[in-house]
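One structure is given here, and the rest of the page talks about it.
The values are calculated or read from the model by the stated rules, or taken from the named source; none is laboratory data. On a predicted model such as this, the values are computed, not experimentally measured, just so you know. Cβ sites come from the backbone with ideal geometry, for glycine too, and all protein chains shown count toward neighbours.
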Amino acid sequence: MLDDTQIERILVVTAHPDDVDFGAGGTIAAATAAGITVTYCIITDGDAGGSDHDVPRSEIPGIRRSEQRAAGEILGVHDVRFLGYTDGELTVTHDLRRDISRAIRQVRPQRMLIQSPDRNWNRIYASHPDHLAAGEAAIFAVYPDARNPFAHPTLLQDEGLADWAVPEVWVFGTPTPNHYVDATEHFDRKVAALEAHASQTAHMEDLPGRIREWMTMQAAEAGLAEGRLAEAFMVIDTA
């Protein structure tokens, strides 16, 4: 696994606004605090989300984009990109692979964070169909697409984006984690980022308690001391 001192840029690819904040908000806060530049690539606008029936559905994409940008600012992320795919209808297409490959070639990250393409039967909420599709498309973009100069030729010919090989991928929401990040010191920022997604979280009772319980469980899995809080990943060498 690469040491954080070897990382200058991280690219996060998720299906929906708020996915990164639930799955890796503490880890992102730690990365930006260490001086690492983090970019978000959000595939859909989360237009099928929310619980307020009084808000016109046509307004949801704008609301959710605004919430994700605000949440990113709380965690030190100032570059948030949206691909504009339709929430709830995500499939692994060549267009999606090309669009993620474009982001990879633009950002040229040493590490990517993506969602798991493998269903987690122990925590089914991590395995929304859009999450699975986003994870599958992202890993296809990592290998073989973004590193192959002959894949998606318009990226090079029309946009001047040379190939890029991502050395390392961290998968969150995975049923088989092999690495844990102690995010105790960044818990408050993670919760604040989640609260920025008011359309999704304002109705939740005791959001901090829920998040603390989840992170406490992961810290126990990691063998951390009592009172510590962790986020879980499967780290993959993709060099």
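Consider region 213-239 and keep the residues that are assigned to a strand (DSSP E or B) and touching a strand residue (DSSP E or B) at 6+ places or on another chain (Cβ under 6 Å). The one that is nearest to residue 144 (Cα to Cα) is 236. When region 83-139 is limited to residues that are assigned to a loop (DSSP other than H, G, I, E, B) and on the phi > 0 side of the Ramachandran plot, the one that is modelled with the highest pLDDT turns out to be 108. Note on region 124-153: residues that are without any contact (Cβ under 8 Å) to a residue 12 or more places away in the chain and within 23 Å of residue 91 (Cβ to Cβ) amount to 4. Across region 75-91, the number of residues qualifying as more than 28 Å from residue 37 (Cβ to Cβ) and either surrounded by 18 or more Cβ atoms within 10 Å (Cβ to Cβ) or not β-branched (Val, Ile, Thr) (or both) comes to 2.
Considering the conditions (1) within 12 Å of residue 141 (Cβ to Cβ); (2) free of Cβ contacts under 8 Å to residues at least 12 places away in the same chain; (3) of a type in the set (Lys, Arg), residue 69 is excluded by exactly one of them, (1). From the residues in region 45-67 that are part of a helix (DSSP H, G or I) and of a type in the set (A, V, I, L, M, F, W, C), which one is surrounded by the fewest Cβ atoms within 10 Å (Cβ to Cβ)? Within region 45-67, the match that is surrounded by the fewest Cβ atoms within 10 Å (Cβ to Cβ) is 60. Taking the conditions exactly as written (part of a helix (DSSP H, G or I) and surrounded by fewer than 18 Cβ atoms within 10 Å (Cβ to Cβ)), does residue 70 satisfy them or not? Against the criterion (part of a helix (DSSP H, G or I) and surrounded by fewer than 18 Cβ atoms within 10 Å (Cβ to Cβ)), residue 70 qualifies.
Can you tell me which residues in region 192-204 are free of Cβ contacts under 8 Å to residues at least 60 places away in the same chain and either surrounded by 17 or more Cβ atoms within 10 Å (Cβ to Cβ) or on the phi > 0 side of the Ramachandran plot (or both)? Listed by number, the list holds a single entry, 195.
When restricted to residues that are in contact with a Ser or Thr (Cβ under 7 Å, 6 or more places away or on another chain), closer than 21 Å to residue 71 by Cα and not in a strand (DSSP E or B), region 148-189 contains 2. The residues of region 4-44 that are outside any strand (DSSP E or B), modelled with pLDDT of 95 or more and among the charged types (D, E, K, R), listed by number, are 8, 18, 19, 21.
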